[in-house]
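Student: Quick one: this structure, given as structure tokens, is what I'll be asking you about.
The values are calculated or read from the model by the stated rules, or taken from the named source; none is laboratory data. The structure displayed is predicted, hence computed values, not measured ones. Here the Cβ is made from the backbone with ideal geometry for all residues, glycine too, and neighbour counts use every protein chain on show.
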Amino acid sequence: MMTDLAVMPRGDAVAEAGKGMRTDGRNRRAAETRRKIIEAAKAMIEETSEAPTVVGVARRADVSVRSVFQHFHDVESLFVTVLDAVRSDLHTPEVPSNSNKTLEDRIDWVVRELAELFDKIVPLRVAAGQFVGHPALIERGLTARQELRTATLELFAPEFATLSEAAREELVDAIGAALSLEAWIVLRRRDELSVERATAVWKLTLTALLEHGLGTGKA
């Protein structure tokens with residue numbers, strides 16, 4: 001069965017092919033412009049911990065302000081896109097098996113992994129304070145907290161199994177608050193602790209919470 005292109009007059013076929021090439025070229029240029037805008041905004045946030053202006057992003061990306069608005073309705077939508085791009089670039093480690101890890105090993109693992117992860121997104125989280133109440137950011141914050149909660153339940157499942165449901169929920173909530181991104185920002189930005197010192201504080205905090213919650217006197 002012949003295709004539509006095969007039965008076209010030769011001139012029409014060439015014109016159709018040329019139109020497709022032009023469309024592909026425009027799409028590639030548009031995708032490249034969008035990439036440059038996102039990368040420029042990401043770099044500016046990392047450097048300043050502030051949400052950049054559209055004019056600033058356009059200048060950094062070497063595109064027109066109009067081009068920025070063609071891809072993003074406003075600076076808030078650009079910020080959300082940057083947030084999603086950063087999250088997709090981050091390595092999310094798999095929770096290790098409990099079968100060959102001591103409790104101390106698991107405490108050390110989760111503290112180090114969270115510290116490394118959170119330190120990369122501190123500037124983005126600080127900048128997000130300029131958009132308090134934005135629905136998309138609230139949704140992503142809730143998702144991140146739920147992911148941490150799920151990982152905590154999985155990582156310390158053997159210990160939590162010994163607790164009542166109420167005690168387990170209370171301990172998980174306490175760990176979630178103590179090891180939150182906001183808590184990390186306090187240690188790193190307000191208290192100006194080094195990564196090593198802040199990590200040590202978190203390890204001590206988590207160990208104490210588990211000791212208290214499990215009633216063992218020693219985690």
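Student: Output the residues belonging to the stretch 145-204 that are charged (D, E, K, R), closer than 23 Å to Gly215 by Cα and more than 22 Å from the chain's Cα centre (by Cα).
Tutor: At the first step, the residues of the stretch 145-204 found to be charged (D, E, K, R) are 145, 147, 149, 154, 159, 165, 168-170, 173, 182, 188-192, 196-197, 203.
When the remaining residues are screened for being closer than 23 Å to Gly215 by Cα, the result is 149, 154, 159, 165, 168-170, 173, 203.
Within the stretch 145-204, Glu159, Glu165, Arg168, Glu169, Glu170, Lys203 qualify.
Student: Tell me the residue from Ala183, Ala127, Ala151 that is at pLDDT 95 or above and not hydroxyl-bearing (Ser, Thr, Tyr), please.
Tutor: Values: Ala127 fails: at pLDDT 95 or above; Ala151 fails: at pLDDT 95 or above.
One residue alone meets the criteria, Ala183.
Student: Only one of these is farther than 20 Å from Gly141 by Cα, part of a helix (DSSP H, G or I) and of a type in the set (A, V, I, L, M, F, W, C): Leu187, Leu210, Leu193, Leu163. Name it.
Tutor: Details: Leu187 fails: farther than 20 Å from Gly141 by Cα; Leu193 fails: part of a helix (DSSP H, G or I); Leu163 fails: part of a helix (DSSP H, G or I).
Exactly one residue qualifies, and that residue is Leu210.
Student: Taking Arg140 as the residue in question, decide whether it is among the charged types (D, E, K, R), part of a helix (DSSP H, G or I), surrounded by 15 or more Cβ atoms within 10 Å (Cβ to Cβ) and at pLDDT 95 or above.
Tutor: No, not satisfied.
Student: Does at least one position in the stretch 149-160 carry a residue that is in contact with a Phe, Trp or Tyr (Cβ under 9 Å, 6 or more places away or on another chain), more than 20 Å from Leu204 (Cβ to Cβ), assigned by TED's automatic domain parsing to the domain that holds Trp202 and part of a helix (DSSP H, G or I)? Before the answer, list the steps.
Tutor: Going residue by residue through the stretch 149-160, those that are in contact with a Phe, Trp or Tyr (Cβ under 9 Å, 6 or more places away or on another chain) are 152-153, 155.
Remaining after also requiring more than 20 Å from Leu204 (Cβ to Cβ): 153.
From what is left, the residues that are assigned by TED's automatic domain parsing to the domain that holds Trp202 are 153.
Now restrict to residues that are part of a helix (DSSP H, G or I): 153.
Checking the stretch 149-160: at least one residue is in contact with a Phe, Trp or Tyr (Cβ under 9 Å, 6 or more places away or on another chain), more than 20 Å from Leu204 (Cβ to Cβ), assigned by TED's automatic domain parsing to the domain that holds Trp202 and part of a helix (DSSP H, G or I).
Student: Could you list, in sequence order, all residues of the stretch 105-143 that are under 20 Å from Lys42 (Cα atoms), of a type in the set (Val, Ile, Thr) and out of contact with any Ser or Thr (no Cβ under 8 Å at 6 or more places or on another chain)?
Tutor: Ile121, Val132, Ile138
Student: Report yes if some residue within the stretch 166-173 is outside any helix (DSSP H, G or I) and of a type in the set (Val, Ile, Thr); otherwise report no.
Tutor: Pass one, the stretch 166-173, residues outside any helix (DSSP H, G or I): none.
Scanning the stretch 166-173 turns up no residue that is outside any helix (DSSP H, G or I) and of a type in the set (Val, Ile, Thr).
Student: Give the stretch 144-170 a look and list any residue that's more than 30 Å from Lys42 (Cα to Cα) and touching a residue at least 24 places away in the same chain (Cβ under 8 Å), or say none.
Tutor: Glu154, Leu155, Phe156, Ala157, Pro158, Glu159, Thr162, Leu163, Ala167, Glu170, listed by residue number.
Student: Shifting gears a bit: Please list, ordered by residue number, the helices (runs of 4 or more DSSP H) wholly in the stretch 41-128 having 3 or more residues that are touching a residue at least 40 places away in the same chain (Cβ under 8 Å), surrounded by 15 or more Cβ atoms within 10 Å (Cβ to Cβ) and out of contact with any Asp or Glu (no Cβ under 7 Å at 6 or more places or on another chain).
Tutor: Because the criterion is at least 3 residues that are touching a residue at least 40 places away in the same chain (Cβ under 8 Å), surrounded by 15 or more Cβ atoms within 10 Å (Cβ to Cβ) and out of contact with any Asp or Glu (no Cβ under 7 Å at 6 or more places or on another chain), the helices (runs of 4 or more DSSP H) in the stretch 41-128 that meet it are 75-89, 103-128.
Student: Select, from Arg59, Arg106, the only residue that is within 25 Å of Arg197 (Cβ to Cβ), over 22 Å from the mean Cα position of the chain (by Cα) and not β-branched (Val, Ile, Thr). Can you show your working first?
Tutor: Numbers: Arg59 fails: within 25 Å of Arg197 (Cβ to Cβ).
The conditions single out Arg106.
Student: May I ask you to verify whether Ala15 is outside any helix (DSSP H, G or I), at pLDDT below 95 and either among the aromatic types (Phe, Trp, Tyr) or more than 27 Å from Val126 (Cα to Cα) (or both)?
Tutor: Against the criterion (outside any helix (DSSP H, G or I), at pLDDT below 95 and either among the aromatic types (Phe, Trp, Tyr) or more than 27 Å from Val126 (Cα to Cα) (or both)), Ala15 does not qualify.
Student: Report yes if Trp202 is aromatic (Phe, Trp, Tyr) and either within 20 Å of Leu103 (Cα to Cα) or exposed (fewer than 12 other Cβ atoms within 10 Å of the Cβ) (or both), otherwise no.
Tutor: Against the criterion (aromatic (Phe, Trp, Tyr) and either within 20 Å of Leu103 (Cα to Cα) or exposed (fewer than 12 other Cβ atoms within 10 Å of the Cβ) (or both)), Trp202 qualifies.
Student: Let me ask something additional. Checking Thr207 against (1) among the β-branched types (Val, Ile, Thr); (2) at pLDDT 95 or above; (3) closer than 30 Å to Asp84 by Cα; (4) buried (at least 17 other Cβ atoms within 10 Å of the Cβ), which single condition isn't satisfied?
Tutor: (3)
Student: Could you say whether any residue in the stretch 94-110 is at pLDDT below 90, in the same structural domain as Leu155 (by TED's automatic domain parsing) and among the charged types (D, E, K, R)?
Tutor: yes
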